[in-house]
Structure formats: structure tokens, C-alpha cells
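Undergrad: Have a look at this one before I ask anything.
Nothing in this text is a laboratory measurement; each read-out follows from the coordinates by a stated rule. This is a predicted model, so every value here is computed, not measured. Because the Cβ atoms are built from the backbone with ideal geometry, glycine has one as well, and the counts that use them run over all protein chains shown.
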Amino acid sequence: MTIIEILEFHLFTIGDFTLTIHNLALVVFILLFTWGILGFINRLFQRHWKRDNWETGRSHSLFKIVQYFVWIIAIIACFNALGMGVTWFLAGSAALGLGLGFGLQTFFSDIISGIFLLVEGTIEVDDVIEVDSIVGNVKKISLRATTITTRDDIIIIVPNHKFFTDNVINWSHNEDQTRFSVTVGVAYGSDTTLVKKILLECIAEHPEVLPTPDPIVRFNDFGDSSLDFEVFFWSENIFRIERIQSDIRFLIDQKFRDNAVEIPFPQRDLHIRSGLK
């Protein structure tokens, strides 16, 4: 048996379609070649990321777009190698159109949303976002869904359409540093100047609080049982900001004790009248 006869050997036939060893080998070659090309492109991108200081999230999105484009070409080439041609894609498109009427709207909405996410770059890998009151760090953006890790190190898969239908906060979209605050109340009669001084000291002592912009202490209100203050500060550690706020509260409590500044608790006067008939 010659090599040509081996390559033209029919593995199976379904209707007008016949799969030969030659077709199968060609498909395997196309897939392996595509895999190698994508590996080369990925290494090329990484080299440019480090050399030209590209943004990691935007670079990842750009590579994803190239990756999907290359795979589409590879799949079309595989169909052609099998002798199916573009008509199979047209038939498939008709089937997908029929499927849209049977509950696949959300799936395709996720796909379109994923394309927009990758192209626009409004949400990128390593961004800290808040969706459905959940704060998470973006780990991966794919066509159908985005993978985020919460502050509790729980992995959540978020369908892409939610980034266009729900309100989403991107904490790291514009600036690397973000303003946060801690509120505290002190007893009436406390030295407000001393309170402001202590709050600024506590902010300055934390290593993950940025020295600039300058922190701000705001005297918010005369509360029912306390003088209400709020101290604002800036930090780059957006993802773990709750831990930083907790550390600052510990410092405030300790320094208030050292300086005899009282943190009050709500009090109510109860008057009891007796002797009524």
C-alpha cells in the first residue's frame, strides 16, 4: 500500500461527507500550527510589555482579541480541510439564529459583551471592581464570562452582560490611588483640636497610606451623643483597604486611650413617675 493510498484511506462516510486520513492529518497540523503561532505571539507580546511598559490589562485584552481572531481563521481552515466549506458556517448560523429564539439570548449577550470589554478596555485584568456589592480583583476576561477573586479569596465567575446591565464600580480605572475614610465619634467636651491631631498621626503612621495628597480631617456633625469626625486618606492598596481601615481604627482607639479622649456610647434618660392613680 502506497503513501497516497494510506492518506486517501476512508475512515468513515456520512452522507456526502467522507473523512480520510489526509483530512484528519491536515486538521491536526492546522491545530498544532495555530497553537505554536499563538505561543509565539504571546511571547512577543510579553517581550513588548516589559520593554515598552504597556499596561498589563490592556495588553492582555489585545492578546485575547488576536487569539480569538486566529482561532476563527484556524477553525475555518479546518472546515475547509475537511471539505465542508463556508456553507457549513452558513447553516450553523441559521441554527444559532433559531437557537436565539429558544433561550440563548443571554449566552450571545455575554459573547457580545465580552468582545466590547476586550476592545474598549473599560475593565482590564488586575482591575479592582465592585459588581452586585461584591469587590473583586479581575483575574481573567474571556468571551463569555469574567473571573474575579474576592477579598475573601473566593473565585467568582461573572457573566459579561452584567458589566453592561448593572452598575459597576471600577476602583482602579482612572488612578492607582483612591481616597478612603474612617469615621469616629468622641464625647461632648473633648478637645477637638487634639482629636484632629490624633487622627492625622494615626494616618501618618500606617505604612500603606500615601503621604500625598495630604489626609483630611472633617468635623461632620454634632451627633445625638457624640462629636462626629471623619478622616480621609489615600492608598494604592485598593483590594485590601478593609484591613488598612481596621489597622487605623486600632491606632485611633489606642491613642484616644493614651490621651484620655472618650469614645461615647448612646445614652438615654429614663424618667419613672410613680403615685399616679
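Undergrad: Work from the charge dipole of region 122-170 (Cβ charges, +1 for Lys and Arg, -1 for Asp and Glu, about the Cα centre) and give the residue of 134, 165, 145 farthest towards its positive end.
TA: Farthest towards the positive end: 145.
Undergrad: Given 0.36 nm per residue, what is the gain on full extension from residue 112 to residue 33 after removing their alpha carbon distance, in nm?
TA: Length gained between residue 112 and residue 33: 25.7 nm.
Undergrad: Return the tail of the calculated pair distribution for region 165-244, meaning the percent of Cα-Cα pairs more than 15 Å apart.
TA: Cα-Cα pairs in region 165-244 separated by more than 15 Å: 60 percent.
Undergrad: Here is a follow-up. Less than 11 Å Cβ to Cβ from residue 221, Lys/Arg counted +1 and Asp/Glu -1: what total charge do the surrounding residues give?
TA: Net charge in that neighbourhood comes out at -2.
Undergrad: Report the extension gain between residue 130 and residue 76 in nm, rounded to one decimal, defined as 0.36 nm multiplied by the number of residues separating them, less their alpha carbon distance.
TA: Once the chain is fully extended between residue 130 and residue 76, it gains 15.6 nm.
Undergrad: If you don't mind, there's one more thing I want to ask. Calculate the spin-label point distance for residue 249 paired with residue 67, positioning each point 7 Å from the Cα along the beta-carbon direction, and give it in nanometres.
TA: 4.0 nm
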